[in-house]
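The values are calculated or read from the model by the stated rules, or taken from the named source; none is laboratory data. What you are looking at is a predicted structure, and each value in this text was computed from that prediction instead of being measured. Reconstructed Cβ throughout: ideal geometry from the backbone, glycine too, with neighbour counts over all protein chains shown. Side chains are part of the model used for accessible areas, which takes the heavy atoms of the whole protein and leaves out ligands, DNA and RNA. Shrake-Rupley method; radii C 1.70, N 1.55, O 1.52, S 1.80 Å.
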Amino acid sequence: KRVLGSGMPLTLVGLDVTRRTLLCRDDLKRWQAIGTPAAHKLTAAVGSYLAAYAERYPYLAGCALHDPLAVGAALHPEWLTLLPMHITCVTEGEADGRTCEDLNRLTDESYTTMAAFKVDAKAFEKHFYTTVEKQLKEEKNG
């Protein structure tokens, strides 16, 4: 709540947006085929993550790339469609810890916080997979 109210320029990318970027079984198979020790280690870890996602979130076609998208968005903010919004964090009751629009600031137009509501998933995923695969192959070539 303090950070959101600090006035620092912030961009928030919620789970509703990060869940639009997925790593799927086909991606895992492509990485396994690279055949380097690094690829084997990564695919073992990611395989466990995919299995947990399949059990907990069966409606998704893979596992969400929450943290990779946060990095991607910092490097390529053009991948996000943003909306200026005053956001706060609930600090008590059933919604404790949730972020939401600060309804006390509806008429305040001095925004410092941007909320992502859309991502160019194709652009992000292309960059993400190209970067990861390049790193996994370097061990083979280097």
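Observations on the structure shown:
- Selection within segment 54-69: residues that are under 15 Å from the mean Cα position of the chain (by Cα) and surrounded by 13 or more Cβ atoms within 10 Å (Cβ to Cβ). The member of this set that is farthest from L15 (Cα to Cα) is G62.
This table checks each residue for (1) farther than 26 Å from S6 by Cβ; (2) of a type in the set (A, V, I, L, M).
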{"residue": "A38", "(1), (2)": "yes, yes"}
{"residue": "S48", "(1), (2)": "yes, no"}
{"residue": "A54", "(1), (2)": "yes, yes"}
{"residue": "G62", "(1), (2)": "yes, no"}
{"residue": "L69", "(1), (2)": "no, yes"}
{"residue": "T88", "(1), (2)": "no, no"}
{"residue": "D96", "(1), (2)": "no, no"}
{"residue": "A121", "(1), (2)": "yes, yes"}
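- Residue in segment 47-57 that is hydrophobic (A, V, I, L, M, F, W, C), free of Cβ contacts under 8 Å to residues at least 40 places away in the same chain and touching a helix residue (DSSP H, G or I) at 6+ places or on another chain (Cβ under 8 Å) present: yes
- Flag for A38 being assigned to a helix (DSSP H, G or I), over 30 Å from N104 (Cβ atoms), at pLDDT below 95 and open to solvent by less than 50 Å² (accessible area, probe 1.4 Å): yes
- For H86, the requirement of being touching a helix residue (DSSP H, G or I) at 6+ places or on another chain (Cβ under 8 Å), free of Cβ contacts under 8 Å to residues at least 12 places away in the same chain and not small (G, A, S) is not met.
- Residue in segment 14-35 that is farthest from R105 (Cα to Cα), counting only those that are open to solvent by 50 Å² or more (accessible area, probe 1.4 Å) and either more than 15 Å from the chain's Cα centre (by Cα) or aliphatic (A, V, I, L, M) (or both): A33
- Screening A44 on (1) touching a Lys or Arg at 6+ places or on another chain (Cβ under 9 Å); (2) of a type in the set (A, V, I, L, M); (3) over 18 Å from V3 (Cβ atoms) shows it passes everything except condition (1).
- Matching residues in segment 97-142 - criterion: being over 23 Å from A73 (Cβ atoms) and among the acidic types (D, E): D108, E109, E138, E139
- For segment 120-142, the tally of residues that are touching a Lys or Arg at 6+ places or on another chain (Cβ under 6 Å) and surrounded by fewer than 12 Cβ atoms within 10 Å (Cβ to Cβ) stands at 0.
- Residue selected from segment 101-119 under the condition hydroxyl-bearing (S, T, Y) and touching a residue at least 40 places away in the same chain (Cβ under 8 Å), by the criterion surrounded by the most Cβ atoms within 10 Å (Cβ to Cβ): T113
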